Every structure is written in C-alpha cells, then in structure tokens.
Amino acid sequence: MIETITGTGTTAAPSALKSQAEEQKSQFLQLLIAQIKGQNPLDPMDGTAFVAQLAQFSSLEELINIREVMEQVNETLVSQSEAASDVSEPTVFSA
C-alpha cells in the first residue's frame, strides 16, 4: 500500500487523508452556516469578510481536488514502475 507523509511527521493512507479533508471541509461549512444563521439581522456580516470566507472554502476544495489528482498520478507512476521493473529483469536461457 502507498503511504503518504502528513504534516505531523506520521504516515497515513491516502484514503485516511481524504476522509480527514472531507471532515474538515464539513466542519468549515458548518461553522460558516452557524455564523450566517447567528448574525444580527440589523448588523449583518461585512460583505468582504463573507467573500473572504467563501474564497477560503473554494481554496480548500481546490486543494482537496489537487491532492486527489496527485494521489492518482502517484498510483499510476508506482504501477508503471512496478510493471517496468518486471519487464527489465533479465531472462536467463539454459541450453
């Protein structure tokens, strides 16, 4: 199995990182929704602050997508490397 190094110095499987990223994404959305629901209607959130938070969420989504693509590229390279190593082994003929 392919393992990836996380920022904490430990290793984790890509599927574990994906679920962690999805969980963080969900938490971010829940906090944003709670903030919108809890705001004072007479003094709403500043529009620029809201747009900044949406931009952060959009960046998070794109980073998740980039990581998923990189994991796919890594898996492809590993499988191609394994296939190439199988082909490059010398064949011994006996007479």
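If a residue has to be open to solvent by less than 70 Å² (accessible area, probe 1.4 Å) and at pLDDT 80 or above to count, how many in the range 1-36 make the cut?
Qualifying residue count, the range 1-36: 7.
Is there a residue in the range 65-73 that is free of Cβ contacts under 8 Å to residues at least 24 places away in the same chain, of a type in the set (S, T, N, Q), open to solvent by 80 Å² or more (accessible area, probe 1.4 Å) and under 26 Å from residue 19 (Cα atoms)?
yes
The values are calculated or read from the model by the stated rules, or taken from the named source; none is laboratory data. Worth saying up front: this structure is predicted, and the values here are computed from it rather than measured. Reconstructed Cβ throughout: ideal geometry from the backbone, glycine too, with neighbour counts over all protein chains shown. To get the accessible areas, we keep the full protein, side chains included, count just its heavy atoms, and leave off ligands, DNA and RNA. Shrake-Rupley method; radii C 1.70, N 1.55, O 1.52, S 1.80 Å.
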